[in-house]
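The values are calculated or read from the model by the stated rules, or taken from the named source; none is laboratory data. Treat the numbers as computed from the prediction; the structure is a model and nothing was measured. Cβ placement follows ideal geometry from the backbone for every residue including glycine, while neighbour counts extend to all protein chains displayed.
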Amino acid sequence: MELLYTPFSPFARKVRVVAHEKRLSEQIELVLTEVGTHVPLCTPVHDQLAAVTPLLKVPVLIDGAERLYDSRVICEYLDGLSDGPRMFPEPGPRRWRALRRQATADGIMDAAILCRFEQARPVERTWDEWLSAQTRRILLALDTLDRAPPSADEFDIGAVSVACALGYLDFRFGYLGWRAGRISLARWFDALRSRASMQETNPGPSLPLTSPSSSKGAAAARRRTTSRG
């Protein structure tokens, strides 16, 4: 199997964590893929992605004739390839709880990536209202998760998604200080950061950013980031 990915994508990290938990990592070749966020979609840099996904996004899993994209689809596919604890619980309250957490965490990651794209624009063209709206989504979702974080024995797809979302906030959005006032969620996350699958997929040291609320802050944020997720 091949996984097209970028090392800083929280969605690709989610797939890699699931692969590690299901003991499939050694069966997957990681293929570093340029998503070309800042170039036109018709340029050759997208040819590799366009051949396997019309969405021109990572992650993409290639397994023989299968071309699977969207982290949710890939994670469920991997969950069915090996024995062991199920990442996607059987139908019932625990499954819906896991899927709801996954949806909440994916929403955080979507909003955070949209914020990064907006912050990459020239300062004079930055849409502050858009940034505020996406940030509000992130904070509301964090509040929801803090009221009912996963338990210690719930490292299912919901918990994996939440962990990757929080890791991405640490990595790219240190200025948000998401732990403040969210003791339960912060305690849960800090307890599992040493888990092997989290360590193995850690993109690197956190990059605390200056708040982009001012033009100077936005410029500083852009200088500290790259173009890959």
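Things to note:
- Test: residue in the range 162-173 that is under 15 Å from the mean Cα position of the chain (by Cα), acidic (Asp, Glu) and modelled with pLDDT of 95 or more: yes
- Failed condition for Pro54, given (1) modelled with pLDDT of 95 or more; (2) assigned to a loop (DSSP other than H, G, I, E, B); (3) assigned by TED's automatic domain parsing to the domain that holds Lys22: (1)
- Residue tally, condition charged (D, E, K, R) and part of a loop (DSSP other than H, G, I, E, B), over the range 72-121: 4
Yes/no per residue for (1) surrounded by fewer than 18 Cβ atoms within 10 Å (Cβ to Cβ); (2) closer than 19 Å to Arg16 by Cα; (3) of a type in the set (Lys, Arg); (4) modelled with pLDDT of 95 or more:
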site	(1), (2), (3), (4)
Glu66	yes, yes, no, yes
Glu76	yes, yes, no, yes
Glu124	yes, no, no, no
Leu139	yes, no, no, yes
Thr144	yes, no, no, yes
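- All of Arg72, Arg116, Arg97, Arg101 fail the test of being assigned by TED's automatic domain parsing to the domain that holds Arg136, of a type outside the set (A, V, I, L, M, F, W, C), closer than 30 Å to Ala133 by Cβ and out of contact with any Ser or Thr (no Cβ under 7 Å at 6 or more places or on another chain), apart from Arg97.
- Residue among Ala120, Ala191 that is among the aliphatic types (A, V, I, L, M) and without any contact (Cβ under 8 Å) to a residue 40 or more places away in the chain: Ala191
- Qualifying residue in the range 79-87 (condition: under 15 Å from the mean Cα position of the chain (by Cα) and surrounded by fewer than 21 Cβ atoms within 10 Å (Cβ to Cβ)): no
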